[in-house]
2 protein chains.
Amino acid sequence: MAISQEISYRLERLILDGGLAPEQKIPSERQLATRLGVSRAVIREALHELQGRGVIETRHGKGSFVASMVPGANELGEQSPLMHLFEGHPRTLFDLLEVREQLEGQAAYLAAQRATRLDRHRITKAFRALEDTDPLSNARLDHGFHLAIVEASHNPVLVHVLNSLKNMMLLTVQASVANLNPREEMRKKIVRQHRQLYEAVIAGKPASAQKAATAHVRFVSEAMRDMEKEGGTLIRLPVNQEAANEYSRAGT
Amino acid sequence: MAISQEISYRLERLILDGGLAPEQKIPSERQLATRLGVSRAVIREALHELQGRGVIETRHGKGSFVASMVPGANELGEQSPLMHLFEGHPRTLFDLLEVREQLEGQAAYLAAQRATRLDRHRITKAFRALEDTDPLSNARLDHGFHLAIVEASHNPVLVHVLNSLKNMMLLTVQASVANLNPREEMRKKIVRQHRQLYEAVIAGKPASAQKAATAHVRFVSEAMRDMEKEGGTLIRLPVNQEAANEYSRAGT
DNA sequence: CGGAGTCCACTGGTCTGACCAGTTTTTGAA
DNA sequence: TTCAAAAACTGGTCAGACCAGTGGACTCCG
């Protein structure tokens, strides 16, 4: 195995075992190079590997530091191997929404089909609570409403997957994105979407419920996309061969 | 921001967007350095970052290659949080299939929409290989075919979730369920389903592709359900990780 | 004395060109 | 034609130089 990898593993184990605490400074590259008897290039490669893995952070002129672990990781469950995809890649957020659109739709479909009396009661309660307040400013109630529907699907796998996706979103999206856009028109649209979803589920109309749910997620997704555009960061959609040509001269 | 990071992000985005497909070779370090007008050291640092992130794999004397987007496949054993659902409730298998049905459909839909030339080539290759042999006895090829389609969706979230679900299934279902039932009629049906899916994706017909994929999963699901009814011990919980690994070679 | 610069010794970031070590292709002799 | 040596790739490591932020120490002036 390459020396740089051995070093990166060694350092990572040192950090994970607690030999180096979060926020603690790592010896300088030149020091490490001398101490370990290798060139500075190797050290830098090892550090970049840890950097890509999110174990350390490096600041020009200051040094490298052990990254502080995400505090919410323990509460919400586990560190998803997907998480690294998000760092610096807001586009992944829309991949996430793309999947959610589908699953929320399925959940609504199944909920309309399978909801028991108790489920309907819970859903109604959540919906009423939501109706009383501004859904845009109350993400928690919004979440409660959707969760009630998902759970009414009586598919634990679906519940879990959607929950994971939602957690991932919460960690990446700026706190309550909705708050940033308290436009009246949008609020009204969302209220209407919720009502359509609610009525379809309660009435036991799977197809309508599915349609309402997917439409809702898609609406949110597109709203976010617009926001992103206005914010300056450009989101690019599916790419074809053109993008590849820039690099793909080498192999077949 | 450091040049090496810009390059690593650029490359990662290129990969996620589908400009570079899994298993594809990345231009050599020297080529990248020349083409991007930076030193080889910078390229190496960028590649090490992607390596730490699991996006690429590098082999001495051969080159760097885009890693398959499925993280858990060859990584060190990570205990999925979903696993606990199965303990004592093997019935969850059908919940799993219910979700997969939806997501495989979406993946096929997106693949038909977004597949690049390279993707089509990979899918065709996987399909041809599959066609040459008995799909029922060759779970590995079957898996390769489906994976090629999912990856052509260019949605890493979708890839990851589906992979998780698939792993989950492998851990609970007896190895190659299909093998236990080598009925000729079933084999023919599956071949036909694969062909429909393949043709729809290649032809760029999202709706048809989605329909074919969901129909396929549903068919498999119902076949399993029938088997279970007939009294076979379809589901068994593996005792330990070693036992589980034995199953991890089988496919849909 | 106290603040505002300047300077210098750190830190990481990049470049160059060389050489070592695996892998693949080409070549040329048996 | 066959097959082994050689050349031409690939990544891995090394050396030393210089650039670019950071921060502390040490002036120098008010």
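Every number in this text was worked out from the coordinates using simple rules, so none of it is lab data. Quick caveat: nothing in here was measured; it's all calculated off a predicted structure. Ideal geometry is used to build each Cβ from the backbone, glycine not excepted, and the neighbour counts take in all protein chains shown.
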Worksheet, complete the sentence: Partner shielding of A:47-56, taken as the mean number of other chain Cβ atoms within 10 Å, equals 6
Worksheet item: How well do other chains shield peptide A:152-158, expressed as the mean number of their Cβ atoms within 10 Å of each residue Cβ?
Response: 5
Worksheet, complete the sentence: Counting Lys and Arg as +1 and Asp and Glu as -1 over every other residue whose Cβ sits under 15 Å from the Cβ of B:Arg100, the net charge comes to -3
Worksheet item: What Kirkwood hydrodynamic radius do you get for segment A:3-66 when you take the inverse of the mean 1/r over all pairs of distinct Cα atoms, in Å?
Response: 11.5
Worksheet item: Placing a label point 7 Å from Cα toward Cβ, how far apart in nm is A:Glu199 from its equivalents in the other copies, listed shortest first to one decimal?
Response: 4.3
